Amino acid sequence: MFDKIEAKTVGLRLVQPSDAEFIYNLRINDNLNKYLSSVSGEVENQRQWIEKYKEKEQNNEEFYFIIYRKDTQKTIGTVRLYDFIKEQNSFCWGSWILNENKTRYSALESALLVYELAFKKLGFEQSHFDVRKNNIKVIGFHKKFGAVKVDENELDYLFIYKKSDYLEYSKKLTRFLK
Ligand SMILES: CC(C)(COP(=O)(O)OP(=O)(O)OC[C@H]1O[C@@H](n2cnc3c(N)ncnc32)[C@H](O)[C@@H]1OP(=O)(O)O)[C@@H](O)C(=O)NCCC(=O)NCCS
């Protein structure tokens with residue numbers, strides 16, 4: 001469907017089984033995994049998980065991306081689109097992690113790439129995602145975009161973000177895409 005999509009300083013490419021070690025190391029990095037569900041097992045389990053995921057990718061059920069720097073091609077993080085709800089034309093995104101090699105605007109650019117892909121290429125009308133209640137910085141990030149908190153449980157806030165709000169808000173961010 002696509003090999004890669006690029007913004008100004010970073011790009012997204014589909015995860016491969018050979019990325020297992022990189023992803024495993026990201027997930028066990030205590031500076032980065034405070035607000036994420038924990039992974040069990042070893043690198044090999046991660047590789048098997050990716051193999052399984054590749055089947056879902058074939059069916060366009062899920063997309064798991066490596067975030068890389070355009071200048072060095074260095075792998076710097078991950079982001080995943082999953083839980084596609086047909087009736088509401090809504091997708092969830094998460095597994096969003098960037099390591100210390102990121103560029104200054106990697107977070108902003110990777111979020112823009114997720115929305116560009118989902119709203120403009122995959123045809124979704126809405127996004128839903130949860131954020132840990134104590135992940136204050138990321139909650140602020142999504143609120144700035146105009147995402148709306150619609151529900152909560154003990155651990156997380158659930159947000160909804162509409163395509164129409166993205167199309168309006170992103171008008172002032174086009175410089176981060178090219
Ligand atoms: C979540 C994560 C990928 C976000 O990356 P980040 O680099 O911390 O993101 P930031 O909010 O600092 O944004 C990067 C830059 O873009 C800017 N920015 C963010 N949103 C912006 C917007 N809407 N408009 C303009 N600038 C914006 C920020 O101000 C920041 O620039 P600055 O350093 O000059 O202030 C990263 O913190 C991470 O890996 N965290 C651990 C895992 C995690 O919690 N994942 C989320 C689970 S829900």
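Beta bridges assigned by DSSP with both partners in the stretch 4-176 are antiparallel in approximately 90 percent of cases.
The GluC sites (Glu not before Pro) found in the stretch 11-57 that occupy coil by DSSP, while having at most 16 further C-beta atoms within 10 Å, are Glu42. Only protein heavy atoms count here; on that basis, with a 1.4 Å probe, Ser38 has an accessible area of about 110 Å².
Putting +1 on Lys and Arg Cβ atoms and -1 on Asp and Glu Cβ atoms, find which of Leu173, Ser95, Phe129 reaches farthest to the positive end of the dipole of the stretch 4-176. Farthest towards the positive end: Leu173. Electrostatic tally near Val150: other residues with Cβ closer than 12 Å to its Cβ, Lys and Arg +1, Asp and Glu -1, net -2. Distance between the pseudo-spin-label points of Asn89 and Asn59 (7 Å out from Cα toward the beta carbon): 2.3 nm. Computed extension length for Phe2-Asn25: 5.7 nm, one decimal, from 0.36 nm per residue of separation with the Cα-Cα distance subtracted. Normalised by 2.2 N^0.38 Å, where N is the number of residues, the C-alpha radius of gyration of the stretch 6-75 stands at 1.18. When the inverse distances between all different Cα atoms of the chain are averaged and flipped, the Kirkwood radius reads 16.7 angstrom. Each Lys and Arg Cβ is given +1 and each Asp and Glu Cβ -1; about its Cα centre, the stretch 4-176 then shows a dipole of about 900 debye. Solvent-accessible surface (1.4 Å probe) assigned to Ile66 amounts to roughly 0 Å².
Think of a 1.4 Å ball rolled over the protein heavy atoms: the stretch 4-176 then has 54 Å² of accessible area per residue.
For a paramagnetic label modelled at 7 Å from the Cα of Leu177 toward its Cβ, which residues of the stretch 89-121 fall within the zone defined by backbone nitrogen distances under 15 Å? The answer is 108-121, whose backbone nitrogens lie closer than 15 Å to the label point.
In a DSSP loop and with at most 10 other Cβ atoms within 10 Å, the trypsin sites (Lys or Arg not before Pro) in the stretch 83-150 are Lys86, Arg104.
The values are calculated or read from the model by the stated rules, or taken from the named source; none is laboratory data. Since we're looking at a predicted model, the values are computed, not measured. Note that each Cβ is placed from the backbone with ideal geometry, even for glycine, and that neighbours are counted across all protein chains shown. When the accessible area is computed, the model is the full protein with side chains, heavy atoms only, and any ligands, DNA or RNA have been set aside. Shrake-Rupley method; radii C 1.70, N 1.55, O 1.52, S 1.80 Å.
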